Amino acid sequence: MTAPRIALAAANLALLVVWPIAWTAPIATAGILPYFGGNTISLWGSITALWENDPPLAVLVALFAMVLPVLKTLGLALVHFRLLGARAMPVLDVLGKLSMADVFLVALYIVLTKGVGIGYVETGWGLWLFTAAVLGQLGIGLLTRRLTR
């Protein structure tokens with residue numbers, strides 16, 4: 001394995017540690033909101049609250065925020081270790097783009113809540129961590145694509 005491939009593999013595998021932290025970290029602090037029992041909102045807490053009120057939406061958010069990023073991370077690891085060919089990259093690219101949808105859902109939620117004027121919402125460090133992880137994974141995917149050409 002070349003040094004760039006080792007560096008990409010290490011950065012990619014580090015995401016397997018970052019993802020669970022991002023899922024449980026506070027993505028926002030909110031007040032006077034019907035769906036969330038506490039003031040601090042995390043992706044995991046949001047999915048749990050949604051499960052009680054809207055299970056299909058909870059499954060969709062869990063798919064975009066948890067399952068797809070981990071699948072892409074594992075797929076990229078297989079490419080890095082030459083257990084999966086470069087022809088898999090288009091599928092992995094789609095997985096990464098779909099996982100970005102969750103960041104947009106959170107942003108939309110914050111904008112809508114602020115626009116309604118009922119209560120308040122402030123972004124938390126978990127939103128930035130999750131966004132950085134998704135963008136980092138997109139970058140790792142792009143660099144991996146270059147290496148596999």
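The values are calculated or read from the model by the stated rules, or taken from the named source; none is laboratory data. From a predicted model like this one, the values you see are computed outputs, not experimental measurements. Glycine also receives a Cβ, built like all others from the backbone with ideal geometry; neighbour counts cover every protein chain displayed. We work out accessible area using only protein heavy atoms, side chains counted, and drop any ligands, DNA or RNA first. Shrake-Rupley method; radii C 1.70, N 1.55, O 1.52, S 1.80 Å.
Structure data summary
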quantity	calculated
Count of residues meeting criterion [assigned to a helix (DSSP H, G or I) and either closer than 14 Å to residue 147 by Cβ or open to solvent by less than 50 Å² (accessible area, probe 1.4 Å) (or both)] in region 79-94	7
Residue in region 1-45 that is farthest from residue 142 (Cα to Cα), counting only those that are buried (at least 19 other Cβ atoms within 10 Å of the Cβ) and at pLDDT below 85	30
Search result, residues across region 120-131 that are in a helix (DSSP H, G or I) and surrounded by 13 or more Cβ atoms within 10 Å (Cβ to Cβ)	126, 127, 128, 129, 130, 131
Selection count, region 60-100, where residues are under 14 Å from residue 138 (Cβ atoms) and among the β-branched types (Val, Ile, Thr)	2
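One line per residue, one yes/no per condition, for (1) more than 19 Å from the chain's Cα centre (by Cα); (2) closer than 23 Å to residue 20 by Cβ; (3) at pLDDT below 90:
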position	(1), (2), (3)
84	yes, no, no
93	no, no, yes
104	no, yes, yes
107	no, yes, yes
118	yes, no, yes
128	no, yes, no
135	no, yes, yes
141	no, yes, no
149	yes, no, yes
